[in-house]
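Enquirer: Got a structure for you, written out below as C-alpha cells; questions coming shortly.
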C-alpha cells in the first residue's frame with residue numbers, strides 16, 4: 001500500500017560485509033542483514049582505510065589533556081591525525097546519506113561508551129566517549145539516523161531509528177522533485193506520525209507548507225527539512241501515542257458500538273501500563289478505517305512508517321539507559 005524510498009546508509013564494514021575486524025572476524029548482524037533488501041549500504045572500515053591490515057594489533061583511545069588520541073600501544077604509533085583526516089574527507093564526499101549503523105565500542109566507530117584510557121599501555125579505563133570516526137559522524141550528521149548495531153537490538157530504539165531512516169529517505173525524494181503539491185501530500189500522510197513525536201513542531205511544519213509569505217519553493221523545502229530533523233530528534237512518548245490513537249478513534253464515534261469503544265479504550269489503558277505493544281491498538285483502528293472506508297486514515301504512515309518486513313517486536317533491553 002505504501003511506497004518506501006530506499007535509504008542511503010553508511011555502515012561499519014565488519015557488520016556483514018567483510019572480515020575486517022581487528023581479529024579477522026566478520027559480524028553477521030541480524031538488523032543489517034534484514035535491512036539489506038531495503039537500503040543502499042555504503043560499507044566502510046576506517047581502520048582499514050588508514051592503512052591497518054587484518055588481523056591487526058590493538059588500537060585504543062588515550063586521554064591527552066583535553067583531547068583524545070588514537071594510538072597503537074604495541075608500536076607506539078599515533079594514528080589520530082590519519083584517522084581525523086580520513087574521517088573528514090570521507091564524510092564530506094558523501095553525495096547524500098540518510099543514516100549510519102556503526103560498530104559499538106570500537107575506538108574508530110563506537111558512537112558512545114568507547115573506553116578511553118589514561119595511558120597507552122595496560123591500565124584501567126579513565127572514561128568513555130566516541131571513537132574518532134564516529135565523533136566526526138556525530139559532529140556532521142547528528143540530525144540523521146545514527147546508531148550502533150548493539151543498541152538496535154532494543155525494540156524501542158530500533159523502531160525510532162527505522163522511522164527516522166525511512167522518513168528522511170522519502171523526504172529526500174520529495175525534495176528532489178521541487179514540487180509543492182508533493183510536499184503537501186508528504187505532510188498530510190505523516191500528520192499523525194508527526195503528532196506522536198512533537199505537536200508543536202507539527203504545527204510549525206504545517207505553517208511552512210502553507211507558505212503564507214510566498215517564499216521560493218527551495219526555501220520552503222529547506223525550512224521544512226530543518227524542522228523535520230528537530231521533530232524526529234527524540235523518540236515518541238507513550239502519552240503522545242495514546243493522544244494520537246484517541247484522535248483517530250474520534251473519526252468513528254458515530255459508527256462504533258459502546259462495546260467497541262470500551263474495548264479499544266481498555267487496549268489503550270493496557271498500552272499505557274506497558275502490558276501491550278502499540279500495534280495492538282493501531283491494528284484495531286486501522287481495521288475500522290478499512291471497514292468504514294476512511295481514505296484519509298488509510299494513507300497515514302503512522303500505521304507503518306517503515307516496511308512491514310522489518311517489524312520485529314523482539315527486544316534485548318539493551319540501551320535503555322541512553
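Enquirer: Under 9 Å by Cβ, and 6 or more places apart or on different chains, what pairs join a residue from the range 209-225 that is more than 11 Å from residue 180 (Cα to Cα) with one that is at pLDDT below 95?
Expert: If the second residue must be at pLDDT below 95, no pairs are left.
Enquirer: Are any residues in the range 116-154 assigned to a strand (DSSP E or B) and within 26 Å of residue 225 (Cα to Cα), and if so, which ones? I'd like the intermediate steps shown before the answer.
Expert: At the first step, the residues of the range 116-154 found to be assigned to a strand (DSSP E or B) are 116-117, 125-129, 145-148.
If the condition is that a residue be assigned to a strand (DSSP E or B) and within 26 Å of residue 225 (Cα to Cα), then 145, 146, 147, 148 are the ones that fit.
Enquirer: Does the range 264-295 hold any residues that are closer than 17 Å to residue 191 by Cα and out of contact with any helix residue (DSSP H, G or I) (no Cβ under 8 Å at 6 or more places or on another chain), and which are they? Break it down into steps so the answer makes sense when it comes.
Expert: At the first step, the residues of the range 264-295 found to be closer than 17 Å to residue 191 by Cα are 282, 285-286, 289, 294-295.
Scanning the range 264-295 gives a single hit, 295.
Enquirer: Residues that are free of Cβ contacts under 8 Å to residues at least 60 places away in the same chain and in the same structural domain as residue 137 (by TED's automatic domain parsing): find the strands (runs of 3 or more DSSP E) completely inside the range 1-115 holding 2 or more of those.
Expert: 40-44, 60-64, 67-72
The values are calculated or read from the model by the stated rules, or taken from the named source; none is laboratory data. All of these numbers come straight from a predicted model, not from anything done at the bench. So basically every Cβ, Gly included, is an ideal-geometry build from the backbone, and we count neighbours across all protein chains shown.
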